[in-house]
1. Separation between the residue 14 and residue 48 pseudo-spin-labels, each 7 Å from Cα along Cα→Cβ, expressed in nm?
2. At a 10 angstrom cut-off on C-beta neighbours, averaged per residue, how do the peptides 36-42, 52-58, 67-73 rank from highest to lowest?
3. Mind giving me the FRET efficiency for residue 24 and residue 68? R0 is 22 Å, r the Cβ-Cβ distance, nearest 0.05 is fine.
4. Angle check, please: helix 94-114 long axis (alpha carbons) against the longest principal axis of the chain (alpha carbons), in degrees 0 to 90, nearest 10.
5. Using only alpha carbon pairs under 8 Å that are at least six residues apart, calculate the relative contact order of the chain and give it in whole percent.
6. What number, rounded to the nearest 500 deg cm²/dmol, is the helix-based mean residue ellipticity at 222 nm of the chain, given -39500 (n - 2.57) per DSSP H run of at least four residues and division by all its residues?
7. Set Lys and Arg Cβ to +1 and Asp and Glu Cβ to -1, take the dipole of the chain about its Cα centre, and tell me which of 10, 40, 51 lies farthest positive.
8. To the nearest 20 debye, what is the magnitude of the charge dipole of the chain about its Cα centre, counting +1 on the Cβ of each Lys and Arg and -1 on the Cβ of each Asp and Glu?
Amino acid sequence: MSGQVFTRTNLPPRLLAMVGEDLVTGCWIWQGATSGSGRGGGYGRVKWLGVTQSVHRLVWQISGGRPLRKGEQLDHVCAARRCCNPAHLRPVFQKRNMKLAYARRRARLVAEAVS
Ligand SMILES: [Zn+2]
């Protein structure tokens, strides 16, 4: 990645065919299978090189994102779990990620209570 912008069309064809772009948010929304609706659910899943893995992690790697350190995971800045736009992802340590998720959930509940 020598200063080149990674766009959706840079995705391998098999992934590109499964990813739709939200023109408002810029999210790359995975249209395929997800990890379900339970706790830890809602993330895109795909079988790639014989291994079922998280789509956003896979795209992060393909797009030249740096390797994650121990205890790090990818946080969705956009809060859309099915999004795999590497520009919407950033590595955070797990504890911080949980805090962020909590803050977002709270903000949403407050917003719902007001409307
Ligand atoms: Zn997004």
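1. Between residue 14 and residue 48, the simple spin-label model gives 1.0 nm.
2. Working: 36-42: 9.3, 52-58: 18.9, 67-73: 11.0.
Top to bottom by mean Cβ count within 10 Å: 52-58, 67-73, 36-42.
3. On the way: r = 29 Å, r/R0 = 1.31.
The computed FRET efficiency comes out at 0.15.
4. Between the helix axis and the principal axis of the chain, the angle is about 50 degrees.
5. 20
6. Calculated mean residue ellipticity at 222 nm is -8500 deg cm²/dmol.
7. So the residue we want is 40.
8. 520
Every read-out reported here was derived from the displayed coordinates using simple, explicitly stated rules and does not represent laboratory data. In this text the structure is predicted, and so the values were computed from the model without any measurement. No Cβ is skipped: glycine too gets one built from the backbone with ideal geometry, and neighbour counts run over all protein chains shown.
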